[in-house]
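What follows is a set of notes on a single structure, which appears directly below.
The values are calculated or read from the model by the stated rules, or taken from the named source; none is laboratory data. All values reported here derive from a predicted model rather than from experimental measurement. A quick note on method: Cβ atoms are made from the backbone with ideal geometry, for glycine too, and the neighbour counts reach across all protein chains shown.
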Amino acid sequence: MLFLKKYMLPRVLQFLTVVFVGITLVFIVIRMLPVDPVKQIINTFAMFGATIDPASTELLIQTLREMFGLEGTIFEQYFAFWGRLFRGDFGPSLFLFPVPVIDLIVTALPWTAGLLLLTTFISWLFGTIMGGLAGYFHKSLWAKFLDRVVMVLRPIPFYVFALVMLIIFAYLIPLFPLGGGIAVGTPITFSWRFIVDVIRHAALPALSMGILGSAVWFQTMRLIVQSVTSEDFVVYAKAGGLKKNTIAFKYVIRNAILPQITALGLSLGQIFSGALITEIVFAYPGIGSLLNAAIINGDYNVIMAITTLSIVTISTLILIVDLIYPLFDPQVRFK
Amino acid sequence: MQKRMVGVLVVVALLIGIAAGGLFFLPRDQEPIVEEPVGEEPVGEEPVVQEPEEEEPVAVGEDALPGGVPRNETLIAGILSGKIMTPDDFNVWTVTWKHVDRGIQQLMLEPLWIVDYVTGEVINALASEPPIYNEDFTQMTVKMRDEMFWSDGVQITADDLVFTIETIMQNPALGGHGWSNAFVERVYAQDPLTVVFELKEPNTRFHSHFVDRWGATRPMPKHIFEQAEDPALFPFNPPVSSGPFTLHSHDPGGYWVLWERREDWERTPTGELFGMPAPRYVLFRHHGPPEMRVLSQGRHMLDMADMSMEALRASLMGNPYTRTFRDEFPWTVNVDPAITGIMFNTARPPFDQKEVRWALTLAIDIVDFIAIGFDGAAVMGAMHLPPTPVYQEWYYEPMEDWKKEFTIQVGGEQFHPYDPEAPMRMAEHSRLRGFAVPEDPQEIRDMFGIGWWKHAPDVATTLLEEQGFEKIRGRWHLPDGTPWVLTLLTGVNPIGIGERNAFAAAQQWERFGIDVNIMASPMEGTMVDMGEFEVNEGWPAIEPWGGHHDLYRTFNTWHSQFMRPIGETNPGHDGRWSDPRMDAIVERLEVIGWDDPETFELGMEGLKVAIEEMPSIPTVAFPGMIVWDEHYWTNFPGAENPYTQPYHHWPNFKYMLPFLEPTGR
């Protein structure tokens, strides 16, 4: 009961506050962008040379404003947004009107979620384990070698790294497809062939993201471990004659992994931001390009939907991490 | 023990890493996963397919085509507008953007009329003849082509067109709702192939809403849409076609759409007018950034691509089968019906003064400008009209003497700003760079245009000084004594044509002594529309029809009735310039038909007013950078054989397909 009152309840309240404030701020900020979705639509047609005579343009602007619900005050729009949100409706996309926003997200999100969940988990696990070991056994030859490799990989811009991977493994040695999410003409069925095809197309993007992602986790974990190793309790454990493995896993890595777990939770929330560069380089489907297009075109409803989902997901993950922290950290449990 | 433990952990971690990239071990050479192609053998003449000359390398790892879809019967083209955000939705009658260039306008739909800016023709597509107006232009009659069918076998009739207009008029979420309600009193079918529009007031260019120029109101299939509860929300999937291809399959991720030639292709305007499209399949695919397009062409998996200049050159160097619109330097398309350049916000000082605008024009060395911005590969255009061959014939050449005689007042004297020798200087510059350029002046003008404005910094200096500007220690100051910082708004695509214009202009004006602040913003469109800019790289003049000499489409946007104060949306040209003389020309054009011979005369008068006032600086024709891979297909409409427009994203693309020839590979 005390746990609920002193630990859980404040965190739940904090969660609700963050969600409310976050969504409200995004609602206000995106309306301060110097971009008008109505004008972006007209500009898109005009850019390609389609005929919209000036007299029709004015009529079109008026029609679009009425349909998009941009006629009222910002307060009216804000309350209308919350009303729709509680009904689970994000409204129609403005740029792609009248397609419902949720349809666009449902189309794009599975690709990004599949790719990022896989690469984030695997790179976290790989980087954290290797970083932890390399940090503790930093004097060994393999740890020094791995450290040098990571030091070379880590600063490479992802765009360059991805392009190099693409040229090597899809063009010079054509092991993987040059791009796309599935092969041309592939029907979507729950079959082994379809799954293999999806994995083949995801392989190179995943490998590129995984390698660079692992390098980041590796370096962070290695530094944390080295820092923890110099703590008094570790020195005391060594002086006490405890086995090296016991010190490494029960004293050092167990303590060092806590911030990594928090960071993992935050990373998973970024799924909603998508992996824009990956999507561009590998012509891979996903939510990043949807969000990018929405921002450029002032598609308020799409931006609000994606950021709302992102805020709720990240906040929820942080809440979950907070709630399970006592399992890992005796200090929290004790307090 | 400790070492063993560490070793085991390292191996486990490595295994996880390998699993992440485990995909090396997945099957790679398997047959592509495909649906059987729909339909029987095509009706009509089969494409001539020769025996393969050589063993075709298998595209291991690459997306092969579906089973039953041979590569040598498939044309692969890029999607200009990029990834499709609504891949499952083929309803392009809605008011908003649905990526019509994924094959919908090029293969699936036929309009009533369509312009070809290369041949200078307006082609009757679903209409059997040009629009017929009554004397006072209050009624327009459309005669439909007989024996045309939707791809599901239903005949295309007047009812489809009437239904389309009536549906659009009733539904504000459909494109054309505004103009149709503003102009149409009544629309009805006089007989199964005749549609009559009764208009609310005289309108000499009502038909222009149905003329396809990268967009138009095209007839929708009544028998399909009348079943839709809400025509705006109806996804039209699977679609039925009035064009020669039907949907085969598409990517739910939005990267490709595969189209298959209709068995009854001859029952479409394309088939009746031009014959059977040579490719049995057309794949529209977004390949990603230009680097990916180069790689894909290197693997012969992209036949028609839009490139940047750098990618164009890379593709030419890396693949012996690639070619460009012009086989040799300067490579780029010289028939694009768009003039690019620099636009001033004439509602803002000092750009409200024509002397300042002319000074900035004369501060530009067009040869240097084209070299910096376009690597020397663009056609200069001195007028507010693209210098395509047909416009050169209709306007540029007939006005050449006027341009030579034209003067501006500088320091109390008359100055002739036109430089007919600019193309020769461009040719010399190109020779110095090592390109083969002919000596014949006519050939040079075909390559680089027929003239531009002089590079006269001394004249520009006088013009500015007359307006109170002062040059102090090499930098220009405004009449109020403050340093002149010119803000040039542009987009964020460093390889975009607009951005290249902006960077080249900035360099020219910096050299002239003006501090130029480049402001790159993805919100450029809105900012320009609201007048929140000084100088921009938008269209210096709205694109004309391209395939018709009528310039009402360009001039009308300069009419004073469409000019709004800064901060308000401007329905007219974004430069916010107008002139009573231009108003009079527009108003005269509005009462005569677009085929009236007087339109030529009015067109020239309007161009003269634009040149005198120079509200924007036309620089170069849009240099389309297309690269064709001729490994599987040849006879593209290049400069030596321009039988139709050359782009794969224009709606006339379908009229190119009957002329393509398989190479037999």
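Scoring residue B:245 on the criteria (1) over 25 Å from the mean Cα position of the chain (by Cα); (2) touching a residue at least 40 places away in the same chain (Cβ under 8 Å); (3) within 20 Å of residue B:127 (Cα to Cα) leaves a single failure, condition (1). When the residues of the range B:282-293 are filtered to those that are outside any loop (DSSP other than H, G, I, E, B) and facing chain A (nearest Cβ under 7 Å), the one that is surrounded by the fewest Cβ atoms within 10 Å (Cβ to Cβ) is B:291. Of A:176, A:190, all but one fail to be aromatic (Phe, Trp, Tyr), modelled with pLDDT under 90 and crowded, with 19+ Cβ neighbours inside 10 Å; the exception is A:176. Taking the range A:285-306 as the range and being over 14 Å from residue A:38 (Cβ atoms) and of a type in the set (S, T, N, Q) as the test, the residues that pass are A:289, A:292. Taken over the range A:45-54, the residue count meeting the criterion of being among the hydrophobic types (A, V, I, L, M, F, W, C) and part of a helix (DSSP H, G or I) is 3.
From the list A:65, A:84, the lone residue that is over 23 Å from residue B:180 (Cβ atoms) and surrounded by fewer than 19 Cβ atoms within 10 Å (Cβ to Cβ) is A:84.
Restricting attention to the range A:241-256, which residues are away from chain B (no Cβ under 14 Å) and in contact with a Gly (Cβ under 7 Å, 6 or more places away or on another chain)? If the condition is that a residue be away from chain B (no Cβ under 14 Å) and in contact with a Gly (Cβ under 7 Å, 6 or more places away or on another chain), then A:256 is the only one that fits. Would you mind stating whether residue A:100 is more than 7 Å from chain B (Cβ to nearest Cβ), out of contact with any His (no Cβ under 6 Å at 6 or more places or on another chain) and either surrounded by fewer than 19 Cβ atoms within 10 Å (Cβ to Cβ) or hydroxyl-bearing (Ser, Thr, Tyr) (or both)? Yes, satisfied. Annotation: of all residues in the range A:150-164 being within 12 Å of chain B (Cβ to nearest Cβ) and without any contact (Cβ under 8 Å) to a residue 24 or more places away in the chain, the one that is farthest from residue B:300 (Cα to Cα) is A:160. Hey, among the residues in the range B:500-528 that are more than 10 Å from every other protein chain (Cβ to nearest Cβ) and among the small types (Gly, Ala, Ser), which one's nearest to residue A:40 (Cα to Cα)? So the residue we want is B:520.
Remark: pairs (first residue in the range A:255-277, at positive phi; second residue assigned to a loop (DSSP other than H, G, I, E, B) and surrounded by 17 or more Cβ atoms within 10 Å (Cβ to Cβ); Cβ separation under 8 Å; 6+ apart in sequence or on different chains) = A:274/A:286.
Restricting attention to the range A:68-105, the residues that are of a type outside the set (Gly, Ala, Ser) and in contact with a strand residue (DSSP E or B) (Cβ under 9 Å, 6 or more places away or on another chain) add up to 10.
Return the residues of the range B:73-96 that are farther than 20 Å from residue B:647 by Cα and either part of a strand (DSSP E or B) or at the interface with chain A (Cβ under 8 Å from one of its Cβ atoms) (or both); say none if nothing qualifies. If the condition is that a residue be farther than 20 Å from residue B:647 by Cα and either part of a strand (DSSP E or B) or at the interface with chain A (Cβ under 8 Å from one of its Cβ atoms) (or both), then B:85, B:86, B:87, B:88, B:89, B:94, B:95, B:96 are the ones that fit.
Within the range A:1-44, the residues that satisfy the criterion of being assigned to a loop (DSSP other than H, G, I, E, B) and either among the hydroxyl-bearing types (Ser, Thr, Tyr) or under 24 Å from residue A:61 (Cβ atoms) (or both) are A:31, A:32, A:33, A:34, A:35, A:36. Counting the residues of the range A:17-62 that are charged (D, E, K, R), crowded, with 17+ Cβ neighbours inside 10 Å and within 25 Å of residue A:80 (Cα to Cα) gives 2. Of all the residues in the range B:243-268, those that are out of contact with any Gly (no Cβ under 8 Å at 6 or more places or on another chain), surrounded by 24 or more Cβ atoms within 10 Å (Cβ to Cβ) and outside any loop (DSSP other than H, G, I, E, B) number 1.
Look at (1) touching a Leu at 6+ places or on another chain (Cβ under 7 Å); (2) at the interface with chain B (Cβ under 7 Å from one of its Cβ atoms); (3) within 30 Å of residue A:150 (Cα to Cα) and you find that residue A:184 fails only one, number (3).
Listed here are the residues, each with its yes/no results for (1) assigned to a strand (DSSP E or B); (2) modelled with pLDDT of 95 or more; (3) surrounded by fewer than 23 Cβ atoms within 10 Å (Cβ to Cβ).
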position: B:107; (1), (2), (3): no, yes, no
position: B:110; (1), (2), (3): no, yes, no
position: B:114; (1), (2), (3): yes, yes, no
position: B:123; (1), (2), (3): yes, yes, yes
position: B:130; (1), (2), (3): no, yes, yes
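For the range A:187-222, the set of residues classified as among the small types (Gly, Ala, Ser) and either in contact (Cβ under 8 Å) with a residue 24 or more places away in the chain or at the interface with chain B (Cβ under 8 Å from one of its Cβ atoms) (or both) consists of A:202, A:203, A:206, A:208, A:210, A:213, A:214, A:215, listed by residue number.
Out of everything in the range B:529-549 that is free of Cβ contacts under 8 Å to residues at least 60 places away in the same chain and closer than 26 Å to residue B:650 by Cβ, what residue ends up being farthest from the other protein chains (Cβ to nearest Cβ)? Only one residue fits best here, namely B:542. The single condition among (1) buried (at least 18 other Cβ atoms within 10 Å of the Cβ); (2) assigned to a helix (DSSP H, G or I); (3) at the interface with chain B (Cβ under 9 Å from one of its Cβ atoms); (4) over 24 Å from the mean Cα position of the chain (by Cα) that residue A:167 does not meet is (1).
Screening residue B:183 with (1) at the interface with another protein chain (Cβ under 10 Å from one of its Cβ atoms); (2) in contact with a Phe, Trp or Tyr (Cβ under 7 Å, 6 or more places away or on another chain); (3) surrounded by 21 or more Cβ atoms within 10 Å (Cβ to Cβ); (4) over 21 Å from residue B:267 (Cα atoms) gives one miss only, at (3). Restricted to the range B:206-232, and to residues there that are basic (Lys, Arg) and at pLDDT 95 or above, the residue that is surrounded by the most Cβ atoms within 10 Å (Cβ to Cβ) is B:218. Identification of helices (runs of 4 or more DSSP H) wholly contained in the range A:234-335 with 2 or more residues that are within 17 Å of the chain's Cα centre (by Cα) yields A:254-269, A:276-281, A:287-297, A:300-328.
Of the helices (runs of 4 or more DSSP H) entirely within the range B:294-390, those holding at least 1 residues that are in contact with a His (Cβ under 6 Å, 6 or more places away or on another chain) occupy B:366-374. Residues that are of a type in the set (Lys, Arg) and at pLDDT below 95 occur in the range B:294-312; there is at least one. Consider the range A:95-106. How many of its residues are modelled with pLDDT of 85 or more and more than 15 Å from residue A:293 (Cα to Cα)? Selection size over the range A:95-106: 4.
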